[in-house]
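Data first, discussion second: the structure below is written as structure tokens.
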Amino acid sequence: MKKIRKISIVALLLSAFCSFVAFGKEGMAVVKSVPYEEENYAYYYDDRSMATNEWKHVWDNWYYFGDDGRSVQNTWSEIDGKWYYFDNFSRMLHDTTTPDGYTVGPDGAWVKDGQVVIEKAANN
């Protein structure tokens, strides 16, 4: 019985260590906004820099990281002239209807009357 307990403890410690090492690589991390304690994600590279103004495909989902390096969450966002909806986990929705009743296509862009809605930049 003692031998099984020792083996179990060693296996648990090894799995915890291996998990910790894996999270030290490039990838997403949860960040909190103070003072609101709102959680969203940031994507860090191996050199500790953050992804900004770019898409990342992580965990079989698409995420967009804005100017501040935080994921867009629970809102619509205009990116390169197209509108995308991101859920409360920052995942871009696609091939579905958004919570507010709009349709998004296979690339996640807002679709109206079968056409992707593209917003033209105003000339100033």
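The values are calculated or read from the model by the stated rules, or taken from the named source; none is laboratory data. Here the structure is a predicted model, which means the values were calculated and not measured. As a convention, Cβ positions derive from the backbone with ideal geometry for all residues, glycine included, and neighbour counts pool all protein chains shown. Side chains are part of the model used for accessible areas, which takes the heavy atoms of the whole protein and leaves out ligands, DNA and RNA. Shrake-Rupley method; radii C 1.70, N 1.55, O 1.52, S 1.80 Å.
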Item checked: Residues located in the range 91-121, provided they are exposed (fewer than 12 other Cβ atoms within 10 Å of the Cβ) and either assigned to a loop (DSSP other than H, G, I, E, B) or charged (D, E, K, R) (or both) -> Asp95, Pro99, Asp100, Gly101, Pro106, Lys112, Asp113, Gly114, Glu119, Lys120, Ala121
Next item on the list: Scan the range 28-54 for residues that are modelled with pLDDT of 90 or more and part of a strand (DSSP E or B) and jot them down.
Entry: Tyr41, Ala42, Tyr43, Tyr44, Met50, Glu54
Note to self: Residue under question is Asn88, and the condition is that it be open to solvent by 80 Å² or more (accessible area, probe 1.4 Å) and either out of contact with any helix residue (DSSP H, G or I) (no Cβ under 6 Å at 6 or more places or on another chain) or over 24 Å from Glu26 (Cβ atoms) (or both); does it hold?
What the structure shows: yes
Note to self: Conditions first: (1) open to solvent by 30 Å² or more (accessible area, probe 1.4 Å); (2) more than 18 Å from the chain's Cα centre (by Cα); (3) free of Cβ contacts under 8 Å to residues at least 24 places away in the same chain. Thr52 passes all but one, so which condition is the exception?
What the structure shows: (2)
